[in-house]
Amino acid sequence: MRTLAVTGALAGLCLVAACGGGTTPARRADTGGIKIGLLLDDLRQERWKRDRDLFVSRAEELHAKVEVKTGDGNPDTQLKAANELLDAGVKVLVVVPNDLEKAVAIVDAAAAKKVPVISYDRLIRNADVELYVSFDNVKVGRMQAEVLLNRAPKGNYVLLGGAQSDNNARLLRDGQMEVLKPAVSSGAVKIVAEPWIDRWDEANARTEMANILKKTKNIVAVVASNDSIAKGAIDALTEAKLAGKVAVSGQDAELGGCQRIVAGTQTMTVYKPLKPLARMAAGAAWSLANGQPIDSLVKMNNGKKDVPARLLDPISVEKSNLDVTVINDGYHTQAEVYGSK
């Protein structure tokens with residue numbers, strides 16, 4: 001892995017997630033309405049609205065109050081929002097960082113007020129973070145590349161990464177290249193372009209893919225790092241009359257991504273069950289606010305320290321297992337994905 005070292009075992013994390021952190025319901029009633037700050041990057045993508053709602057729901061079960069703010073995709077705006085939450089008296093700050101390096105200022109501001117920080121989904125680099133909760137993002141990258149390589153074992157590949165300011169984008173690329181490297185070394189696969197997509201933005205992905213297609217239409221696979229980027233790439237492929245002919249990956253099991261899998265224009269997505277993640281984070285925040293220790297089975301080095309971490313396993317989804325994963329779990333309904341019949 002290029003940027004992080006992972007130690008320890010992942011076994012037992014599903015049990016931790018199911019419990020949601022915190023202590024027993026009998027003791028929760030004495031919290032007196034502890035205030036937790038949830039600081040998101042933005043709410044443009046479907047999944048972050050789900051994270052927010054699930055997190056708030058679990059915190060309310062624990063009799064905690066949640067103040068939610070976003071950075072609107074801007075690190076300076078996010079720092080301003082963080083200071084507003086800290087001034088409002090939150091006891092714990094849960095952060096989805098916009099920029100993995102600039103978010104250090106958020107952690108420093110929280111430390112000045114003795115408020116612990118939980119890094120949610122994305123790890124803040126070079127900062128004294130109390131806990132990191134996420135999915136195994138290197139594994140997500142491996143899953144994306146494995147499915148596409150199985151579908152298209154030879155030919156030209158395009159890698160559309162996420163925002164370079166997001167540590168997860170780097171971890172995904174690590175996992176993707178881990179799988180693709182032998183095929184690249186043998187000459188079976190050639191990577192013709194590997195741009196990073198600022199803000200994970202669909203429009204930016206479409207522009208990048210359109211520019212690549214102007215240079216060559218001889219492409220067999222697009223390793224798109226999430227479903228928004230996949231949508232942008234597929235729009236460009238559609239204009240070039242290549243949609244459905246080129247294998248395309250994704251991530252987050254967004255409704256549009258699942259619908260494209262059914263339609264045959266997107267090959268796969270990666271489903272990351274958000275309920276256990278959000279419940280785990282809310283429970284851990286409640287525990288920290290009450291001065292209780294946090295257990296972890298994993299350590300991840302963020303450049304400053306070995307951060308205690310809890311990582312959950314993602315699920316690779318194709319058309320063949322869409323019903324028994326995403327739909328069976330209630331993440332989307334059959335009518336939503338397949339349309340009314």
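Readers should treat all values here as calculations from the given coordinates under stated rules, not as data from a laboratory. On a predicted model such as this, the values are computed, not experimentally measured, just so you know. Here Cβ is always computed from backbone atoms with ideal geometry, including for glycine, and neighbour counts include all displayed protein chains.
Taken one residue at a time, the phi angles of the stretch 58-63 give Karplus couplings (6.51, -1.76, 1.60, θ = phi - 60°) of 5, 4, 5, 4, 8, 6 Hz. Gly and Pro are set to x.
Given a cut-off of 24 Å, name the pairs among Lys69/Lys102; Lys181/Lys305; Lys139/Lys181; Lys35/Lys80; Lys49/Lys241 whose C-alpha atoms lie farther apart than that in the structure shown.
In this structure, Lys181/Lys305; Lys49/Lys241 lie more than 24 Å apart at Cα.
When only Cα pairs below 8 angstrom with a gap of at least 6 residues are kept, the chain shows a relative contact order of 23 percent. Converting phi to 3J(HN,Hα) with the Karplus coefficients 6.51, -1.76 and 1.60 and the offset θ = phi - 60°, the stretch 263-272 yields 6, x, 8, 10, 7, 7, 9, 10, 8, 10 Hz in sequence order, with x at every glycine or proline.
Using +1 at the Cβ of each Lys and Arg and -1 at the Cβ of each Asp and Glu in the stretch 67-225, identify which of Gly71, Val133, Ser225 lies farthest towards the dipole's positive end. Among Gly71, Val133, Ser225, the one farthest towards the positive end of the dipole of the stretch 67-225 is Ser225. For Ala236, neighbours were defined as the other residues whose beta-carbon sits under 14 Å from its Cβ, and their charges (Lys and Arg +1, Asp and Glu -1) total +3.
Per the Kirkwood formula applied to alpha carbons, the chain shows a radius of gyration over Rh ratio, Rg over Rh, of 0.98.
Here the Debye sum runs over all C-alpha atoms of the stretch 137-251 as equal scatterers in vacuum, and log10 of I(q)/I(0) at q = 0.12, 0.16, 0.23 Å⁻¹ comes out as -0.34, -0.62, -1.32. Taking every alpha-carbon pair in the stretch 253-330 and binning the separations at 10 Å intervals from zero gives 16, 34, 24, 21, 5, 0 percent. Just report the Cα centroid separation between the stretch 124-173 and the stretch 26-97, whole Å. Computed from Cα coordinates, the inter-centre distance equals 25 Å.
Of Pro276, Ile197, Gly339, whose Cα points farthest to the positive end of the dipole of the stretch 196-341 (charges on the beta-carbon: +1 Lys, Arg; -1 Asp, Glu; origin at the Cα centre)? Result: Ile197.
In the stretch 83-131, which trypsin sites (Lys or Arg not before Pro) fall in coil by DSSP and have 14 or fewer other Cβ atoms within 10 Å?
Working: sites: Lys91, Lys102, Lys113, Lys114, Arg122, Arg125; in loops: Lys91, Lys102, Lys113, Lys114, Arg122, Arg125.
Answer by residue number: Lys113, Lys114.
Mean separation of Cα pairs under 8 Å and 6 or more residues apart, divided by the residue count, gives the stretch 137-251 a relative contact order of 33 percent.
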